[in-house]
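The structure appears below as structure tokens.
The values are calculated or read from the model by the stated rules, or taken from the named source; none is laboratory data. Just so it is clear, the model here is predicted, and its values are computed rather than measured. Positions of Cβ are backbone-derived with ideal geometry, glycine not excepted, and every protein chain shown enters the neighbour counts. The protein model used for the area step is the full one, side chains on, heavy atoms only, and it has no ligands, DNA or RNA in it. Shrake-Rupley method; radii C 1.70, N 1.55, O 1.52, S 1.80 Å.
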Amino acid sequence: MGSGWSSEEERQPLLGPGLGPAAGTAWRSREAAAAVLPAAAPGPGRVYGRRWLVLLLFSLLGFAQGLVWNTWGPIQNSARQAYGFSSWDIALLVLWGPIGFLPCFAFMWLMDKRGLRITVLLTSFLMVLGTGLRCIPVSDLMLKRRLIHGGQLLNGLAGPTVMNAAPFLSTTWFSADERATATAIASMLSYLGGACAFLVGPLLVPAPNGTSPLLASENSRAHIKDRIETVLYAEFGVVCLLFSATLAYFPPRPPLPPSVAAASQRLSYRHSFCRLLSNLRFLMIALAYAIPLGVFAGWSGVLDLILTPVHVSQVDAGWIGFWSIVGGCVVGIAMARFADFIRGMLKLILLLLFSGATLSSTWFTLTCLNSITHLPLTTVTLYASCILLGVFLNSSIPIFFELFVETVYPVPEGITCGVVTFLSNMFMGVLLFFLTFYHTELSWFNWCLPGSCLLSLLLILCFRESYDRLYLDVVVSV
């Protein structure tokens, strides 16, 4: 049950010899498809009701990983007082997320060779270890900080699976008219977990009171530390529960494939990388995804630190981050459902989303420079600009994932999305690294947002789209 697509027999195409991966990418006309249609024995695939349970388990795992990753950013002021964290520590706690993507290609190889179940079990086990490490009760603050850093690193190692495997899961379990929706749900729940950290942290953990006397300050520090540890124990319990559920039931694949694309053979691990690195259209759209999403992820992780100079409280910063990501998740799932109904519109959807992202990020940046621009700096303007930015950028993620897979099919979905999320996390890591040295002046970080969105908009505009996987499903199923 745990081997997935591991055996060579299972990895052979269920279609005839004329419908291999070369044919899938070579089809450009109905005449070419008609020439191989007689060899296509199977009709439309079969879907199973259990696919929604599999999607739920995977999505909840992504939710928990995002929640644990973003534990410290929204409560960075409280964490400084409770554990003596420095600005470098706060940035590094967020930085462990992109650092965890360094072995990303090993997880991609494991998913390609051993299937989704083994990879998901390993991912959830790493999350159990990471959240448990943060809960070890020690009185030495230096040792406690090291344990917390180690736990965040282990949770970061779970990132490649929860961020990359959504298109693989949707292709394996869902039909062609449900794939974008399933991809959106599986990929968006990880971001929703990060958004809930903006809500859970500031509401459960009180902000430090710098005006208290020494004795009151000591009592306040102990109270803050107790509340933070309550959050850590709660996250550990949730992760253990999800690991148990995944261990009990997470089938590697359905008995029968849901579509022709799910049944067809894919390229090998080595040939997949050669195909990706030699495909200029893929590299163009990969940069259009990686640069702005990497910048936005790093910016969101230290949003509290960015908004502190404009006198925004920790609670308000948490609500801004929460609604910006929640709005993006809702709109992203709605856009994916729209893409399932009206196929072949992925590029147009991305152009509209990034036009809005460029305008909203420029609005936010100029608002923060109100001493020069004289734009009104109010809670309403900050809420509106940040939420719109999150809506436009986060909702583009599942659309990008589907476009990546369509562009380079028959490269396996996990490898394709692994490469682009690796690039995105590298951009985020570089920005957070610079942030540790220039944390006293963050205006440059705000300008990275509109610049990256505008660059992505130009790359998408020049991109020539194709839908090889969709065309395979539509033609062979008819």
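Would it be correct to say that Glu229 is closer than 24 Å to Thr123 by Cα and of a type in the set (D, E, K, R)? Yes; evaluated as a whole, the condition is true for this residue.
For the stretch 245-272, filtered to residues that are among the aliphatic types (A, V, I, L, M) and farther than 16 Å from Arg46 by Cα, the residue that is modelled with the lowest pLDDT is Leu267. Right, Leu203: touching a residue at least 24 places away in the same chain (Cβ under 8 Å), within 19 Å of Ala79 (Cβ to Cβ) and hydrophobic (A, V, I, L, M, F, W, C) or not? Yes: the conditions hold for Leu203. Taken over the stretch 357-375, residues that are open to solvent by less than 10 Å² (accessible area, probe 1.4 Å) and within 22 Å of Leu461 (Cα to Cα) amount to 3. Among the residues making up the stretch 58-77, those that are modelled with pLDDT of 85 or more, small (Gly, Ala, Ser) and crowded, with 24+ Cβ neighbours inside 10 Å are Gly62, Ala64, Gly66. Suppose we keep only residues that are open to solvent by less than 60 Å² (accessible area, probe 1.4 Å) and among the charged types (D, E, K, R) within the stretch 325-348. Which one would you say is nearest to Ser187 (Cα to Cα)? Top of the filtered list is Asp340. Using the structure shown, decide if Val315 is under 30 Å from Arg50 (Cβ atoms), of a type in the set (A, V, I, L, M, F, W, C) and surrounded by fewer than 21 Cβ atoms within 10 Å (Cβ to Cβ). The answer is no for Val315. When the stretch 264-287 is filtered for residues that are part of a helix (DSSP H, G or I) and over 30 Å from Leu455 (Cβ atoms), the ones remaining, listed by number, are Tyr269, Arg270, His271.
Residues of the stretch 376-388 that are surrounded by 16 or more Cβ atoms within 10 Å (Cβ to Cβ) and either hydrophobic (A, V, I, L, M, F, W, C) or not in a helix (DSSP H, G or I) (or both): Leu377, Leu382, Ala384, Cys386, Ile387, Leu388.
Among the residues of the stretch 223-263 satisfying the criterion of being of a type in the set (Phe, Trp, Tyr) and in a loop (DSSP other than H, G, I, E, B), which is least open to solvent (accessible area, probe 1.4 Å)? Ranking the candidates gives Phe250 first.
When residues in the stretch 420-456 are screened for being modelled with pLDDT of 80 or more, more than 22 Å from Leu277 (Cα to Cα) and among the hydrophobic types (A, V, I, L, M, F, W, C), 5 of them pass. Counting the residues of the stretch 330-356 that are part of a helix (DSSP H, G or I), farther than 14 Å from Leu461 by Cβ and of a type outside the set (A, V, I, L, M, F, W, C) gives 4. Can you tell me which residues in the stretch 78-121 are open to solvent by 50 Å² or more (accessible area, probe 1.4 Å) and under 23 Å from Gly418 (Cα atoms)? Scanning the stretch 78-121 gives Ile99, Leu102, Phe105, Ala106, Trp109, Lys113, Arg114, Ile118.
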